[in-house]
1. Taking a probe of 1.4 Å, how large is the accessible area per residue of the protein assembly as shown, in Å²?
2. In the stretch A:83-118, which residues give up 30 Å² or more of accessible area once the other protein chains are added, compared with their chain alone (1.4 Å probe)?
3. Over chain B, what is the mean sequence separation of C-alpha contacts under 8 Å (at least six apart), divided by residue count, expressed as relative contact order in percent?
4. Given an 8 Å cut-off on Cα distances and at least 6 residues of separation, report the relative contact order of the stretch B:18-144 as a percent.
5. Would you mind calculating the relative contact order of the stretch A:190-314 from Cα pairs under 8 angstrom and at least 6 residues apart, reporting the percent as a whole number?
6. Measuring label to label, 7 Å along Cα→Cβ, what does A:Ala13 give against each other copy in nm, shortest first?
7. Could you point to the residue in B:Thr22, A:Ala343, A:Ala96 farthest towards the positive end of the protein assembly as shown's charge dipole, with +1 and -1 charges on the Cβ of Lys/Arg and Asp/Glu respectively?
8. Quick one: with label points 7 Å out along Cα→Cβ, list the inter-copy distances for A:Gln149 in nm, shortest first?
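The values are calculated or read from the model by the stated rules, or taken from the named source; none is laboratory data. On a predicted model such as this, the values are computed, not experimentally measured, just so you know. Note that each Cβ is placed from the backbone with ideal geometry, even for glycine, and that neighbours are counted across all protein chains shown. Just so you know, the surface numbers come from the protein's heavy atoms only, side chains and all, with ligands and any DNA or RNA stripped out. Shrake-Rupley method; radii C 1.70, N 1.55, O 1.52, S 1.80 Å.
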2 protein chains.
Amino acid sequence: MAAMSAGIIERYAAHLPVTAATPRVTLGEGSTPLVRSSRIGPSVGLEQLYFKYEGLNPSGSFKDRGMAVATAKALEAGAQTLLCASTGNTSASASAYAACCGLRAVVVVPAGGVATGKLAQALAYGATVVTVKSSFDAALKLVRQLADQPGVALVNSVNPFRIEGQKTGAFEIVEQLGRAPAQLFIPVGNGGNITAYWRGFGELVMTAGGSAPRMHGAQAEGAAPLVRGRPVTRPRTVASAIRIGNPASWAGAVAARDESGGTIEAVSDAEIMAAHRRLAREEGLLVEPASAAGVALLLRKAKARQVTDEGTVVCVLTGHGLKDPQALTRGLRIPRPVAPTLATLRRAIG
Amino acid sequence: MAAMSAGIIERYAAHLPVTAATPRVTLGEGSTPLVRSSRIGPSVGLEQLYFKYEGLNPSGSFKDRGMAVATAKALEAGAQTLLCASTGNTSASASAYAACCGLRAVVVVPAGGVATGKLAQALAYGATVVTVKSSFDAALKLVRQLADQPGVALVNSVNPFRIEGQKTGAFEIVEQLGRAPAQLFIPVGNGGNITAYWRGFGELVMTAGGSAPRMHGAQAEGAAPLVRGRPVTRPRTVASAIRIGNPASWAGAVAARDESGGTIEAVSDAEIMAAHRRLAREEGLLVEPASAAGVALLLRKAKARQVTDEGTVVCVLTGHGLKDPQALTRGLRIPRPVAPTLATLRRAIG
């Protein structure tokens, strides 16, 4: 009965391209917490900073929102296989939803371009994983050519149902705050999520009034096609989830920026990892590196006084830190075992 | 405004040992989904099987419920340090809550007895990690001797606020189903969680009527002191989160079993890993091995017709699969990279 049990299709059916005949596919996606910043916000003079912690979706990332809808529509259309190219999160999500629905998942990932935890996830869910010697962009181009095979549903963000499902993140933020935030910071890789949030805020503003936030997209410096205005052939960044050189939702991302009066800027890997560390150590929020990109951009803008304490600011944290164990342990030293004595512990407590 | 944004202290203050003066510490714990089984339940004739997916708590396990309350009470009492011994999940949780509150966390873990992901988590959150050459039970004995140090709050499950917070899992299940389930299956290590759920159901039944579920606890065969009726000196199991030989909440676990007319039984590591695999491949739910113990026990009882389709059955899935990458990838082979051609992909799709 409680809303916390229902998935996003059931909760938001009126706003989604579903009918009574569409299966209510759910793994419990959505209803993620909006956590008020306890230390980062106050440190830069922002008292109303919140984090939308999307890592608490079932497969550990925001992708589950769109995948629930895409999978339901694939089932409705009679598909037997979900197909995608992925930097990791999409493959994990597609594999999870395929598993619960008795579908096959075939995921195509670029060799060396995917965090280990995500690849392990797809395999654990029982997916067929094809690792190709190419970039993500080439892999996506390839799977698009196969999307018309009978029984196959392409569930990359070029699938319109993905964007539709992902816009529910914006719906929830408005419910949780009681209004839209003044500004939203979000990582930008393939451009689908910023497109989806902008659509979600737009639909609410049209029906319920109020104003939509300014949208700030953060790309990684080595993978910033939208900032440079042209595709990047060899995207490079520690943030594997946004290591994309030619975004599928290019136009949607630019429209979100321009229509909202926002920005899309590049942050360095050093800024990303600094924000990643601060989220863990000052907020108790473990995220994958890409998730920290939006926070890195906010911190830069707050220092430059381009963002001040005049309204609510929300940063979308797109994926859980446990997804990327390598990034998690970077620079950390596992301590050597010691004898179990009171004296040892007293020293540790200090 | 929406309930999904509030943490468990705010939502359940009337049922918890808190006052208006207790800080509303939260990382967005609780409000985890109750996911209806799509394939495992029907395969054994159970149409009303649900999974309470506690891996979707902020640090990835059910421990966050109790830690929110324990941390709030520690802050209220003026503590500067959270101290615990841990098989992993408690240390990750304590470290996360310490981080968001500006407290120190000192976690004592048994060498070799903790899943890598969890240790990495505690370090990433900035905790002081002390790895001792001893069992969990010896580590717990040690930290208990230090709990009276000024400014130190011991946050193991011997801390009564932990059990109080964890009972909110039972509250949510009742809200989500609209009633208590007929039977509950739950892994048992230190005995705190089965104690907490039983208390939670008991309090609701006393105030709102209805009946409480029969409680079924699952221990691992190599770490089954409650089944054997005596402590186990060298507990062994793949399920590190329940690798405990001398449960701190022994009496509470036995009371939950006996008062509810339930059982506590041992399942083998093979049964645990088989259930772990089925949860991922048939339900799309990735869990750590310990979480699968309750499902393993249910499957055995269903096959023996000791559990039949006469009421709702809930299995508590205590922690996320991403916590234990080693278990996740056991027996899986990362496929070798291939050339990105249409022919290759067509073969994969089959």
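1. Details: 23160 Å² over 700 residues.
Accessible area per residue, the protein assembly as shown: 33 Å².
2. A:Ala99, A:Cys100, A:Arg104
3. Values: 740 pairs, mean separation 65.0, N = 350.
Relative contact order, chain B: 19 percent.
4. Values: 212 pairs, mean separation 26.3, N = 127.
That works out to 21 percent.
5. Values: 180 pairs, mean separation 33.0, N = 125.
Worked out over the stretch A:190-314, it gives 26 percent.
6. The answer, with the shortest distance listed first, is 3.6 nm.
7. So the residue furthest toward the plus end is A:Ala343.
8. Label-point distances to the other copies, shortest first: 5.9 nm.
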